[in-house]
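Enquirer: Sharing a structure, written as structure tokens. Questions coming.
The values are calculated or read from the model by the stated rules, or taken from the named source; none is laboratory data. Please read all numbers here as calculations on a predicted model, not as lab measurements. When we count neighbours, we look across all protein chains shown, and the Cβ atoms used for this are built from the backbone with ideal geometry, even at glycine. Accessible surface areas use protein heavy atoms only, side chains included; no ligands, DNA or RNA. Shrake-Rupley method; radii C 1.70, N 1.55, O 1.52, S 1.80 Å.
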Amino acid sequence: VVDGLPRVDFKFLQRGLLRDRRVDARFFLTEGDRDAMKSGYPWLVEFTRQLNGTLNLEREEFRKLINDFDLLILGDIPATFFSLDHQQVIKDFVAEGGGMIHIAGKWHAPRGWLGNEAGQASIADVLPVEMKPVRFPIQPPEGRYYQPFVPVLAPNAARNPLVALEDDSEDNKDVWGKLVKTGPKD
């Protein structure tokens, strides 16, 4: 299991796989503490050998390491972590019957995996979907289908001091149920 940060997915998966005695799982976090990753089981100590954020293993050494496993689980890792040779080894691993699961993330993958030049290997090539990189707007969409969220207090919460925006509980209840428009003031 290789992921960027210890997301909830990673933590849940790590605990589950470590509990199962039938599984010999190894883990690595590209943004994790290097000293912790070098401590041994259950971490992939070999992956701590990096040069400028790229895994620094020879192609054959990487192939041997990967082929010791039946399944490769890749999370939200930057495309630059694996060199083009490593990505080709992963493609060959999957083509030869090895399993691969990808857990998409917000920062790097799979969008970041699409940037290779034509003809070069990419991890995205083995995913069973065709992806188009799309940048989503920062602003919420406008239009007739866009409905702003207006929080409303539950009846018994109106007197709770944690949600008090006004001193009077009735005024407080009214404030919570209104849509407040924000924007530049004239």
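Enquirer: Within 10 Å, count the other beta carbons around each residue, average over each peptide in 37-47, 165-175, and list them highest first.
Expert: Ranking, from highest mean packing down: 37-47, 165-175.
Enquirer: Work out from phi, with θ = phi - 60° and the Karplus expression 6.51 cos²θ - 1.76 cosθ + 1.60, the ³J(HN,Hα) of each residue of region 155-168, listed in order in whole Hz, and give x for Gly and Pro.
Expert: Computed from phi, the couplings for region 155-168 are x, 7, 8, 4, 8, 6, x, 5, 10, 7, 9, 10, 6, 7 Hz.
Enquirer: With every protein chain kept in place and ligands, DNA and RNA left out, what is the accessible area per residue of region 1-62? Probe 1.4 Å, answer in Å².
Expert: Working: 3970 Å² over 62 residues.
With all protein chains present, region 1-62 gives 64 Å² per residue.
Enquirer: Let me ask something additional. Computing the accessible area with a 1.4 Å probe over protein heavy atoms, can you report the carbon and sulfur percentage for region 1-57? Show your work: numbers first, answer last.
Expert: Details: 1780 of 3570 Å².
On region 1-57, the fraction of accessible area on carbon and sulfur atoms equals 50 percent.
Enquirer: A further question on this structure: Could you derive backbone 3J(HN,Hα) for region 96-106 from the dihedral phi with the Karplus parameters 6.51, -1.76 and 1.60 (θ = phi - 60°), listing whole Hz in sequence and x where the residue is Gly or Pro?
Expert: For region 96-106, the Karplus-derived couplings read 8, x, x, x, 9, 10, 10, 10, 5, x, 8 Hz, x marking Gly and Pro.
Enquirer: Under 5 Å between amide hydrogens, which residues at least 5 positions from Thr30 or on another chain qualify, with H placed 1.01 Å from N in the peptide plane?
Expert: When sequence neighbours closer than 5 places are left aside, the close amide H contacts are Asp3, Gly4.
Enquirer: Any of Lys106/Lys132; Lys91/Lys132; Lys11/Lys64; Lys11/Lys38 with alpha carbons more than 25 Å apart? Name them for me. Intermediate results must be reported in sequence, preceding the final value.
Expert: Working: Lys106/Lys132 15 Å; Lys91/Lys132 20 Å; Lys11/Lys64 27 Å; Lys11/Lys38 18 Å.
Distance filter (> 25 Å) returns Lys11/Lys64.
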